[in-house]
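The values are calculated or read from the model by the stated rules, or taken from the named source; none is laboratory data. Just so we're clear, the structure is a prediction, and the values are computed from it rather than from any experiment. Ideal geometry is used to build each Cβ from the backbone, glycine not excepted, and the neighbour counts take in all protein chains shown. Accessible surface is based on the protein model in full, side chains and every heavy atom, while ligands, DNA and RNA are left aside. Shrake-Rupley method; radii C 1.70, N 1.55, O 1.52, S 1.80 Å.
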Amino acid sequence: MANSVYIDGKLVPADQATVSVFDHGLLYGDGVFEGIRVYGGNVFLLAEHVDRLYESARSIRLEIPISNQQMVSAVNETVQANGIDDGYVRLVVTRGSGTLGLDIRKTSNPIVIIIADTITLYPPEIYERGMELVTAGTIRNHPGALNPRIKSLNYLNNILAKIEGTDAGCVEALMLNHNGEVAECTGDNVFIIKDGLIRTPSTEAGILEGITRNTVIDLAREAGHEVQETTLVQEDIYTADECFLTGTAAEVIAVVSLDGRTIGDGTPGPITRDLLARFEALTRGK
Ligand code: PXG
């Protein structure tokens with residue numbers, strides 16, 4: 001466990017880092033968060049994650065009490081204080097405590113929390129053999145209700161889909177949008193490869209615009225691949241040559257079946273493995 005946690009402007013021992021039961025982050029899921037990787041003591045794409053945090057906050061009309069630059073410094077300070085070399089940062093901003101009731105004007109003092117810890121990964125055999133996926137019956141939030149581009153503390157939509165996945169013996173689940181198109185997984189973006197062309201749902205599908213997704217798109221284009229952001233349906237995944245997921249926790253991971261249907265030859269494909277190698281070279285200097 002982390003030994004010190006940044007909360008409300010200070011680093012405090014982890015067991016003393018507490019929030020009020022009247023915090024609207026707890027009472028209503030009213031707040032935003034980020035999950036960021038640390039590789040070799042460096043916080044990976046910290047500026048991009050902090051920018052996305054401030055954008056999420058702006059979308060829910062939450063004013064973060066410190067500047068973007070102060071946030072960057074506080075994250076680095078917390079990582080150093082915990083001696084994290086390879087690990088994970090959880091950044092949380094809650095609405096702060098207030099009276100019962102939804103009115104944000106009755107809250108005060110948004111709370112900034114930074115936890116720097118180690119990370120639990122999917123088991124190594126899933127990386128070697130590839131992941132099996134099922135499609136969840138729970139559809140991704142309609143962008144007109146709670147836009148998936150906002151990384152809010154309200155993650156029940158994803159949790160309900162994840163339960164369907166784990167009930168089916170999978171570690172992730174595919175989520176469709178309100179139009180029945182492929183959106184994303186519960187905590188990962190999805191890509192397919194067909195006839196050498198790499199395709200991924202566009203942000204219009206109602207997804208979180210993953211930072212790993214954008215990094216992998218750049219890496220793929222640098223390697224000379226064509227990448228299309230487009231509409232995908234389940235059938236495109238069933239008939240793909242390769243499929244993989246991207247995310248801060250998972251990095252790049254092959255998908256070998258969806259709903260019991262084998263994708264390609266049922267093993268992690270060559271382009272997926274090449275992109276994973278490029279991602280590892282970028283993050284670990286391999
Ligand atoms: N879609 C959703 C819904 C996510 O929550 C991604 C895609 C991938 O985005 P990034 O930017 O990570 O490539 C996510 C990321 C956590 C945690 O603590 C959640 C995520 C990432 C890291 C930690 O639950 N979700």
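Observations
- Residue pairs whose Cβ atoms lie under 9 Å apart, separated by 6 or more positions or on different chains, with the first residue in segment 157-169 and without any contact (Cβ under 8 Å) to a residue 12 or more places away in the chain and the second of a type in the set (Gly, Ala, Ser), are ILE163/ALA136; ILE163/ALA173; THR166/ALA173.
- Listed by first and then second residue, the pairs with beta-carbon distance under 7 Å, at least 6 apart or on different chains, first residue in segment 175-196 and closer than 19 Å to THR239 by Cβ, second polar (S, T, N, Q), are LEU176/THR135; GLU181/THR231; VAL182/GLN234; ALA183/ASN177; VAL190/THR200; PHE191/THR200; PHE191/THR246.
- Residues in segment 169-208 that are touching a Lys or Arg at 6+ places or on another chain (Cβ under 9 Å), part of a loop (DSSP other than H, G, I, E, B) and over 15 Å from LEU245 (Cβ atoms): 3 in all.
- Pick from segment 156-184, criterion open to solvent by less than 50 Å² (accessible area, probe 1.4 Å) and over 22 Å from ARG261 (Cβ atoms), ranking: farthest from the ligand (Cβ to nearest atom): ASN157
- Boolean, ASP30 is charged (D, E, K, R), open to solvent by less than 80 Å² (accessible area, probe 1.4 Å) and without any contact (Cβ under 8 Å) to a residue 24 or more places away in the chain: no
- Checked against (1) touching a Phe, Trp or Tyr at 6+ places or on another chain (Cβ under 7 Å); (2) within 22 Å of LEU146 (Cα to Cα); (3) among the β-branched types (Val, Ile, Thr), ILE104 passes all but condition (1).
- Of everything in segment 229-248 that is out of contact with any Lys or Arg (no Cβ under 8 Å at 6 or more places or on another chain) and in a helix (DSSP H, G or I), the residue that is most open to solvent (accessible area, probe 1.4 Å) is GLU235.
- Selection count, segment 193-232, where residues are within 16 Å of the ligand (Cβ to nearest atom) and out of contact with any His (no Cβ under 8 Å at 6 or more places or on another chain): 22
- Residue in segment 186-197 that is open to solvent by 50 Å² or more (accessible area, probe 1.4 Å) and within 26 Å of THR94 (Cβ to Cβ) present: yes
- Which numbered condition ASN3 fails, given (1) open to solvent by 60 Å² or more (accessible area, probe 1.4 Å); (2) modelled with pLDDT of 95 or more: (2)
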